[in-house]
1. Would you calculate the separation in nanometres between label points at Arg309 and Ile28, each defined as 7 Å from the Cα along the Cα-to-beta-carbon direction?
2. Using a 1.4 Å probe and counting only protein heavy atoms, arrange Lys1, Lys105, Lys445 so the residue with the most accessible area comes first.
3. Rounded, prolate or oblate: which fits the range 293-424 when a ≥ b ≥ c are the square roots of the eigenvalues of the alpha-carbon gyration tensor, with rounded for a/c under 1.5 and prolate only if a/b beats b/c?
4. Taking GluC sites (Glu not before Pro) as candidate sites, keep only those in a DSSP loop with at most 13 other Cβ atoms within 10 Å, then name the longest stretch of the chain containing none of them.
5. Would you check the accessible area of Phe279, probe 1.4 Å, heavy atoms only, in square angstrom rounded to 10?
6. Taking a spot 7 Å from the Cα of Arg50 along the direction of its beta carbon, which residues of the range 116-134 have an amide N less than 20 Å from it?
7. Restricting the count to DSSP beta bridges whose residues both fall in the chain, what percent are antiparallel, rounded to a multiple of 5?
8. Tell me the accessible surface of Phe358 in square angstrom (1.4 angstrom probe, heavy atoms of protein chains only), to the nearest ten.
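The values are calculated or read from the model by the stated rules, or taken from the named source; none is laboratory data. Remember, it's a predicted structure, so these values are computed and weren't measured experimentally. Note that each Cβ is placed from the backbone with ideal geometry, even for glycine, and that neighbours are counted across all protein chains shown. Just so you know, the surface numbers come from the protein's heavy atoms only, side chains and all, with ligands and any DNA or RNA stripped out. Shrake-Rupley method; radii C 1.70, N 1.55, O 1.52, S 1.80 Å.
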Amino acid sequence: KLCEEILNILEKDTKTSCQVACLEALRILSRDKTVLVPVTTKRNMQILMRLAKLDTVEDPLEKVSEFPVIVEALKCLCNIVFNSAVAQKLSLELNLAAMLCNLLKKCKDQQLVGDIKCFDLRLLFLLSLLHTDIRSQLRQELQGVQVLTQALESSLNVRWTEEYKAAEDRDRPPLSLQETDCAIEALKALFNVTLDSWNVHSKNESHQFRYMAAILRHCLLTMGPTEDKTEELHSNAINLLSNVPVSCLDVLISPSSQEETDIKYNGMNMGAIQVLLDFMEKRIDKGSSYREGLTPVLSLLTECCRTHRNIRKFIKAQVLPPLRDVSNRPEVGTTVRNKLVRLMTHVDLGVKQIAAEFLFVLCKERVDSLLKYTGYGNAAGLLAARGLLAGGRGDHWYSDDEDTDTEEYKSAKPNINLITGHLEEPMPNPMDEMTEEQKEYEAMKLVNMFDKLSRDELIKPMGVRPDGTMAPLEEAVSQYHTNKQDSSDSD
């Protein structure tokens, strides 16, 4: 009843202060799903849309006194759309997304409309998240990618020096809290709208994604008002970069000039890539929520390294520098390599796979190079999944530049344990003092133990096929003998 009465008052022309008070009350009530039935009707949704200035196509936002009403109406719509499936369907029927895009265009050149812009973007994010038809409408009919990219650009105050390159000002102040929140909402909405965008089919699409990637590069080099807000901003930028076709990610690096960042490689500015690496290490050190917090940045770095040679070589120089000290196991220590190798045996399968894949790509998908840095034990899961237990390399082509081993590694290499990946002191052979009868007894004892475990189906003996994949031991042995006979030169 209270909701209905509030909406009846809002339908009439009342004072601004009264409208704000009513909308504030409705915003609080709209958090409760059980009272939303009277609100989620076509008439009442239209009342809120009118108050949010979504029904006026041409009129500019001029009356500053009306701004609090617009903001509160947008907040109410955010709550209602989030909590009601009926409201989500009505939003499509009432063409709410198109009206929000139109309001967003009005906000572009206005100074005092930060809150309006922020909640407009949040509502677009919720609609694109909760209703796939609205997501398609934004992408195909409303030029949503272009509209949202422009909103992101204005929130970050981007100044262009050339195509796909924003000005870098080391002394620029951090973004304000309002600018940061607007940028975050734009990034989240763009993420939804650009899902499934791996294939670029036209020159215009390619330009749009390169333009977006250039803004995201600027975003990575931008600081928010606090450390937490900066991390949130960068996290959402990384999520969106994961949707950008990998062929367009070359704009993350650019030819470096003297006055720019000191982070260079082969004459290229690597500032944004360094931010990604620092972000990755920070998320590893956090020690929790790896699947949500770490896998997006690891996946992005993996794809960048697989496609762009300069990025791969820059990252490898930091993550997998030439080995000198091999006295410790690869997973022991505080370097980035140690941290990533530890993740290769993580309990979460997705985290384990992407960490191993990242290191494998840095090694140009060469098994011998991966084993050098990680040890066979840590890499066995990846190699088994990829059918590379017999050695070799992956399917992708990489440049032929060879890795150079240090003198320290070459001298230690003969004594490195291939399983653990580190230098071990030679251990005394326990069988040296055994008689032949004792050796035979211990061997048979071991065979019987394995046989019992196998018959009780507690374990299943496996072998490696000639092609490097795993198979039951009997099958692997028979294939090995077959291949040996086929390759024999005898008649």
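1. 6.5 nm
2. Lys1, Lys105, Lys445
3. Numbers: a/c = 1.41, a/b = 1.21, b/c = 1.16.
In terms of gyration-tensor shape, rounded.
4. 260-401
5. So the heavy atoms of Phe279 present about 20 Å² to solvent.
6. Nothing falls inside the zone, counting backbone N under 20 Å.
7. Antiparallel: roughly 100 percent of the beta bridges in the chain.
8. Taking all protein chains as shown, Phe358 has close to 0 Å².
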